[in-house]
Structure formats: C-alpha cells, structure tokens
Amino acid sequence: MTEAFRQRFGPAEGLRIWRAPGRVNLIGEHTDYNLGFVLPVALPLAAYVAAAPSRDGKLRIWSEHRGELFECPASEVAALERRRQWTDYPLGVARELALAGFPIEPANLLIRSTVPEGSGLSSSAALEVSSALAFLNGRVLEPLALARLCQRAEREFVGMPCGIMDQYIAVFGRAGCAIEIDCRSLEHRLVELPADIAFLAVNTMVKHALAASAYRERVAECAAAVERIRARFPEVESLRDVSPGQLASVAPLLSAVVARRARHVVTENGRVAAFVDSSARGDLPRMGRLLVESHYSLRDDYQVSCPELDFLVETALAIDGVFGARMTGGGFGGCTVAMLRPEAIPPFRERIVRDFERQFHVTPEIYPCQPSAGAGVA
Ligand code: GLA
C-alpha cells in the first residue's frame, strides 16, 4: 500500500496504515436495533486506509476499488452533503468527527478493502472505522465512542438506520474469539468457540434491490410492535424486554405480520444465549440446530431471506460434517455462514460451488472466518 500511495500522491512522509475488519455474525440477526444480543466474529477480511498529511490544505480520498478520487479543502469537509456514493462513508465519519471536536486535518488517503461489497460482511463499517482512525491519526477517541460515532455517520449521513453490531465488532473484535454484545448496555463478553469446528461464509454474489427499504420496514415494524405491547406491559422499552409468554399474550393485539417480526426477535435473542451456552459445553449438534432455527425464523417470520440463501443453507445441511448454516447480516442476498468440522471443508467447498453454479449460474465465493483482531494500526 505504501507503494500504491506513493504512485498516487507522491511523497509518503508521515504515512500510517489503518485497518478495520469486516465481520460475520454467527447468530443474533436483526436483534441489535431491538437492543438485544448478537454474536459476531471479526474477519481476516478488512478495509485498509493509508494516510499521510497533505501540505496544501486539501483532503483527498482515493478508492482503489472504484478508481475514483474525491478532493476538497479539509476545512470544508464538515459542511458537505450526502452524495449517495462510496464517499458518504468516510465523509460521514469526517463530519461526525468534526462535530465531536476532532477537526479534519489536510491529508491524503488511499483506501483498499478485501471485504466484498454488498456481501453482508459489513464492508461499510470496516470502511467507516478504518477511515475514522485515519482521520484521527493517533488522536484518542475511546473505543465505544468510536463505534458509536461511526454508527451515527451511517445512520445520519448515509441514511441507513442500522444497529450498533457492525461498527462495534469492527472496533472490539478479538483474535480467536466471538463477541457477545449486549446492544442495550453496549457491553460485551468474549466467547471462545470450541476448537474442533470451523466457520465458512459463502457469498451468494447477489444483493437484491429490496435490501435497504426492507431493512427500514423491519425497523419500523419492530417499533410498531413495541408500541402495541406497551399498552399491556408499560415497562417494555424494546423487543429485548419481551418474554415469549408476554408476546403470546399480546399477539392478538398485533397484526399478523408484526407479530411474526416480534416473534423472530424474541426467539432469536433466546437462541443467542442458547448458542453461547452450547458452545461452552461443547455441544456442537445443538449449536448447529440453533443456527438452522435462526435461519428458518429469518426466512419465515422475519422474511429477509431469498432463494439463493435458502439454497445455500439446504445444500450445506446435506453435506457430511456440517452442523448447521444460516444467512448472516441484513439478508436479501449476501452470505450464509456454515459451521462444520475442519476436515469437511474441502468436500464442502466442492459441493457448494458445484450445486450453486448448477442452480444459479454464478460461482459463490467462500471465505474462512478465523476470528481476527479489531481495528488498529495495520
Ligand atoms: C446490518 C446492520 C446491522 C444489523 C444487521 C442484521 O448488517 O448494519 O446493524 O442490524 O444488518 O442483524
């Protein structure tokens, strides 16, 4: 990257390279904005930002992937409007930093990312967090404040009403561990996974146009559920607070669709706890069953799956040595995650690629998911 930086910008004095990982969420999907529980793992796939001070007062951002340069006076960054393109992620972060009392200094940035876009592996949060570190250039922002600032950039500048999971894991990821995040207290605990299993993410290579609008719709449906449930249980502040028994008793007050959305969230929070518990006990078959239940709940109750994801899950489940599989991330395309015995990896790859190609005429990419470190100097 140093070489690429020199070729693009010339002298690389003061150059530092920052990294923030993508993630795969093992279980706990669409629970974060309901203040529940999630269990992501930071990936070896990551966004990298090489940055050095510029001498002419300008901020420049070069995206290798897009082959595009953004440029403006550093002092004007905080006043920029959303442009509905890749620059919204770094510029949204820059704006939030300026608002938080970290003015944007003149600099040249070169962005490179190995997190596939639109894959449900959180390429956006990786870009936000790595850009934030580059803009900060060593100025200290507490890790939790960093994650929340990047989430704000995505919600308020990019315009995506996301939860905290992606930015949180990009910051707090830990090599060798999954991280169970309590999305209300914003505390987490490290979860060591059993040694004799592997996780693979499989990319459908599709991102259905529906994804963003459906996400907003789900967020609104969950809010509608909470409003109705509070009529009977005023202490409820989010779906996180609702027990399965309470939900059953208020179900008649909810529309059929809203009741199903709420049922997914309530049961999914239970599955995160059960998964962590089974992991501690080394109960691999139960872990696998929970993944599959999560998928069916996302498919049938939350309705955020798609034929490609369902096909990958069913194909995986028919392979020897696979404990379970589910869609991961927001849905409507992107990736599945499968839990399997390490020796099953070669036949898994072969069978998944063959069957998926036969069905959809697209070659799915497969990524190993060794839990990796969170953001920092590359
Ligand atoms: C996207 C959002 C996250 C989370 C997931 C679904 O990745 O950015 O906050 O809601 O979808 O679990």
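The values are calculated or read from the model by the stated rules, or taken from the named source; none is laboratory data. A quick note: this is a predicted structure, and the numbers were derived from the prediction, not measured. Ideal geometry is used to build each Cβ from the backbone, glycine not excepted, and the neighbour counts take in all protein chains shown. Please note that ligands, DNA and RNA were not included when accessible areas were found on the heavy atoms of the full protein model with its side chains. Shrake-Rupley method; radii C 1.70, N 1.55, O 1.52, S 1.80 Å.
Kindly indicate whether any position in region 369-378 is open to solvent by less than 70 Å² (accessible area, probe 1.4 Å), within 16 Å of the ligand (Cβ to nearest atom) and assigned to a helix (DSSP H, G or I).
No, that holds for no residue.
Out of everything in region 250-259 that is open to solvent by 50 Å² or more (accessible area, probe 1.4 Å) and assigned to a helix (DSSP H, G or I), what residue ends up being nearest to E227 (Cα to Cα)?
Per the criteria, the residue is L253.
Of the residues that sit in region 119-162 and are of a type in the set (D, E) and more than 14 Å from the chain's Cα centre (by Cα), which one is farthest from the ligand (Cβ to nearest atom)?
Applying the first criterion (of a type in the set (D, E)) to region 119-162 yields 128, 142, 154, 156.
Right, trim to more than 14 Å from the chain's Cα centre (by Cα) and you get 142, 156.
Working: E142: 20, E156: 14 Å.
Filtering region 119-162 for residues that are of a type in the set (D, E) and more than 14 Å from the chain's Cα centre (by Cα), the one farthest from the ligand (Cβ to nearest atom) comes out as E142.
Inspect region 163-175 for any residue being in the same structural domain as R60 (by TED's automatic domain parsing), within 16 Å of the ligand (Cβ to nearest atom), part of a loop (DSSP other than H, G, I, E, B) and touching a Pro at 6+ places or on another chain (Cβ under 7 Å) and give the result as yes or no.
Yes: region 163-175 contains one or more residues that are in the same structural domain as R60 (by TED's automatic domain parsing), within 16 Å of the ligand (Cβ to nearest atom), part of a loop (DSSP other than H, G, I, E, B) and touching a Pro at 6+ places or on another chain (Cβ under 7 Å).
Give Y33, Y48 a once-over and let me know the one that is under 30 Å from G270 (Cα atoms) and modelled with pLDDT of 95 or more.
Values: Y48 fails: under 30 Å from G270 (Cα atoms).
Every option except Y33 fails the conditions.
Given the options G288, G334, name the one that is in contact (Cβ under 8 Å) with a residue 12 or more places away in the chain and assigned to a strand (DSSP E or B).
Only one candidate passes the filter, namely G334.
Considering each residue of region 47-71, count those that are open to solvent by less than 70 Å² (accessible area, probe 1.4 Å) and among the acidic types (D, E), and give that number.
Summing the residues that are open to solvent by less than 70 Å² (accessible area, probe 1.4 Å) and among the acidic types (D, E) in region 47-71 gives 1.
If I go through region 297-324 residue by residue, how many of them are within 16 Å of the ligand (Cβ to nearest atom) and of a type outside the set (V, I, T)?
Step one: of region 297-324, the residues within 16 Å of the ligand (Cβ to nearest atom) are 297-299, 301-306, 309.
Now restrict to residues that are of a type outside the set (V, I, T): 297-299, 301-303, 305-306, 309.
Of the residues in that region, 9 qualify.
Just the residues that are more than 18 Å from H30 (Cβ to Cβ) and either in contact with a Gly (Cβ under 6 Å, 6 or more places away or on another chain) or outside any helix (DSSP H, G or I) (or both), please, taken from region 337-354.
Within region 337-354, A338, M339, L340, R341, A344 meet the criteria.
Among the residues in region 230-241, are any among the β-branched types (V, I, T) and part of a helix (DSSP H, G or I)?
Kept after step one, since they are among the β-branched types (V, I, T), are these residues of region 230-241: 236.
Next, from what is left, pick out any that are part of a helix (DSSP H, G or I): none.
Among the residues of region 230-241, not one is among the β-branched types (V, I, T) and part of a helix (DSSP H, G or I), which makes the answer no.
Of A74, A79, A12, which residue is more than 16 Å from the ligand (Cβ to nearest atom), open to solvent by 50 Å² or more (accessible area, probe 1.4 Å) and of a type in the set (A, V, I, L, M, F, W, C)?
One residue alone meets the criteria, A79.
Working only within region 15-46, note down all residues that are open to solvent by less than 10 Å² (accessible area, probe 1.4 Å) and of a type in the set (A, V, I, L, M).
Correct list: A20, V24, L26, I27, V38, L39, V41, A42, L43, A46.
Would region 291-304 turn up any residue that is among the hydroxyl-bearing types (S, T, Y) and in contact with a strand residue (DSSP E or B) (Cβ under 6 Å, 6 or more places away or on another chain)?
Checking region 291-304: at least one residue is among the hydroxyl-bearing types (S, T, Y) and in contact with a strand residue (DSSP E or B) (Cβ under 6 Å, 6 or more places away or on another chain).
Given the conditions (1) in contact with a strand residue (DSSP E or B) (Cβ under 9 Å, 6 or more places away or on another chain); (2) in contact (Cβ under 8 Å) with a residue 12 or more places away in the chain, and given that E314 satisfies all but one, which numbered condition is not satisfied?
Unmet condition: (2).
Given the structure, is L144 in a helix (DSSP H, G or I) and open to solvent by 10 Å² or more (accessible area, probe 1.4 Å)? Even if it seems obvious, please write down each step before you answer.
Numbers: in a helix (DSSP H, G or I): yes; open to solvent by 10 Å² or more (accessible area, probe 1.4 Å): yes.
So L144 fits the description; yes.
Condition first: touching a residue at least 24 places away in the same chain (Cβ under 8 Å), more than 16 Å from the ligand (Cβ to nearest atom) and under 23 Å from the mean Cα position of the chain (by Cα). Can you find one or more residues in region 26-46 that meet it?
Scanning region 26-46, I find at least one residue that is touching a residue at least 24 places away in the same chain (Cβ under 8 Å), more than 16 Å from the ligand (Cβ to nearest atom) and under 23 Å from the mean Cα position of the chain (by Cα), so the answer is yes.
Tell me which of these L109 doesn't satisfy, since it passes every other one: (1) assigned to a helix (DSSP H, G or I); (2) touching a residue at least 60 places away in the same chain (Cβ under 8 Å); (3) aliphatic (A, V, I, L, M); (4) away from the ligand (no atom under 15 Å from the Cβ).
Result: L109 fails condition (1) only.
Could you please find all residues in region 177-213 being closer than 26 Å to G333 by Cα, open to solvent by 30 Å² or more (accessible area, probe 1.4 Å) and assigned to a loop (DSSP other than H, G, I, E, B)?
Across region 177-213, the qualifying residues are H208, A209, L210.
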